[in-house]
Ligand SMILES: Cc1cc2nc3c(=O)[nH]c(=O)nc-3n(C[C@H](O)[C@H](O)[C@H](O)COP(=O)(O)OP(=O)(O)OC[C@H]3O[C@@H](n4cnc5c(N)ncnc54)[C@H](O)[C@@H]3O)c2cc1C
C-alpha cells in the first residue's frame, strides 16, 4: 500500500528528507507531499550575505532545486502553502493557502517537521519601521537588495555581531556603505572566546567598520514617512539609512509544541538518534535539538551542515533503512572581508558550564612558509582537558588560507584525540601551503606542554 509522507518546510532538511525517502523507497511505495509557505525550495540561505555583497552574481545561483525540478522528480510540492496545526493522534495536518486562504486537512502516515528557525526579534520601539531587515530567508535577502538599490543608502547599522551579523557587515561595506555593528557582549562574535573576539574587533576596525560592543539597542527613530532614521543605544543615536537585524535565531517549534511534542531544554524539538520525535513524526534541522558529543547536553545549533544530514537520515529511516545522527561538536566557519573565523568543540564558557577542567594555549603562525609571498597571519587557540589532555576545543582567527584548518581539529575532537597525540601527526607541507611546522602542530605542542605543566596541581 502506498504510504503518504507529509513534509512541513521545503528547504534544506525538508527537501533532503523528501528526496532521500523517494530515492530509496521501493517503486510506487511512497507519496511525498511537501508544504512550503515561502516562494522557494532548496536554496542556500548561507549564500545570501555574499549575494547581497555582490560576490555571487545572480540570486538564482543560490537555488539548488526549484519546486518544478522537485516535481519532475516525483515530489508533490505545494508552494505558498502552510501547515497550521498537527494532530499526531489522528495523523493529520491542517493546511492553508497563504495567498488564497483555502484550508483542508491532509492525512499522513509519516510526518517530517522541518520548519527551520525564526529570528530573535526583541520588542523594541520602531522595530517594524521600513528599512529594518532580518536576513533569515531568500525573500528577505531580496527585500534588502531592492531597498539598497531604491535610494541613497549611505549608512548601515548591523545589530548583533554573530556570524550572520559580521557577514552582513561585510556585505554592507562591500556595497560602499559606512557600516557600524553593535553587540551587547564585550567583544564581537561570541561563538569564540572574548580574547579571540578582540582580534576580530581589531581586524574589523581596520576594515573601516565601526564596532560598538557592550551596547544594547533601545529602539529606532522613525521618520514621518515610516522609514528608520537612527538606532538608539543609551545616550548614543546612530544615524542609519538601513538597519540589519542579526540577533540570532530560535527553533521554530510552534506547530510541534501545540501538537504536544516534547521540546528539549535548548528550545528545539527533542528526537531520538534516528531523528524521530514521536511514532510516525520526524524532526530535523534548525527546529530540532541535537546532542553535543562533548558536553552530552541537548543543544540548538542552526547550521546548514546539520540540516542536510538530518534530512538524509530522516529520509533513509522513512524509506525503511537505518540512519542515526551521531551528534555535533559545534564546528563553524565564517568570514568578514579578508578575515577568517572558525571554531569547533567547546569555548571556555561552554567547557566550564559542562564541568570540564581545562588548559588553554594560543599560538600565532602563518598560513604559508614565512618567506612565501603573501604569507598571512593567524592565531590558533586550543582548549585541552586538564590531566587527560583530550582536545576540547579550537578557535582560529586569521587571514585568507587559515580557517579551514579547523577541520583537522574537528576530526581530532570527533575521535577523542589528545593534544599530545596530535603533536606529531603526519600533516601535509609545502611552502605555498603552510610552514614546515603547521599551526595545527605548533598549537597542539603548546597545549600538550600546558597539560604537562598543570599535572602537579591536579590531585590524582
Ligand atoms: C544569512 C544566513 C547565513 C547562513 N550561513 C550559514 C553557513 O555559512 N553555514 C551553515 O552551515 N549554515 C548557515 N546558515 C544556516 C542554514 O541556512 C540553516 O541551518 C538551514 O537553512 C536550515 O535548514 P532547515 O531546512 O532546517 O530550515 P530552513 O532553511 O529555515 O527552512 C525551513 C522552511 O520551512 C518553511 N516553513 C516554516 N514553517 C512552515 C509551516 N508552518 N508551513 C509550511 N512551511 C513552513 C519556511 O518557509 C522555510 O522555507 C545560514 C543562515 C542564514 C539565514
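Every read-out reported here was derived from the displayed coordinates using simple, explicitly stated rules and does not represent laboratory data. Quantities reported herein were computed from a predicted structural model and do not represent experimental measurements. Heads up, the Cβs are rebuilt from the backbone with ideal geometry, glycines too, and the neighbour counts pull from every protein chain shown.
Data overview
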item	result
For the range 168-311, share of DSSP beta bridges that run antiparallel, in % to the nearest 5	75
Beta bridge orientation in the range 1-141: antiparallel %, DSSP, nearest 5	45
Virtual spin-label span in nm between residue 407 and residue 94, 7 Å along Cα→Cβ	4.6
Within the chain, helix-based [θ] at 222 nm, where runs of 4 or more DSSP H residues each add -39,500 (n - 2.57), nearest 500	-7500 deg cm²/dmol
Kirkwood Rh and Cα Rg combined as Rg over Rh, evaluated for the chain	0.99
Linear extension gain, residue 235 paired with residue 262, 0.36 nm per residue minus alpha-carbon span	5.4 nm
Gyration tensor verdict on the range 247-322 (Cα atoms; rounded if a/c is under 1.5, prolate if a/b is larger than b/c, oblate otherwise)	oblate
Viscosity 1.306 mPa s, temperature 10 °C, Stokes-Einstein D of the range 22-111 from Kirkwood C-alpha radius, µm²/s	105
Mean-position separation - Cα centroids, the range 287-325 and the range 227-269, in angstrom	24
Over the chain, relative contact order from alpha-carbon pairs under 8 Å, at least 6 apart, %	13
DSSP bridge pairs, the chain: antiparallel proportion in percent, nearest 5	60
Sequence ranges 191-200, 388-397, ranked by mean other-Cβ count within 10 angstrom, highest first	388-397, 191-200
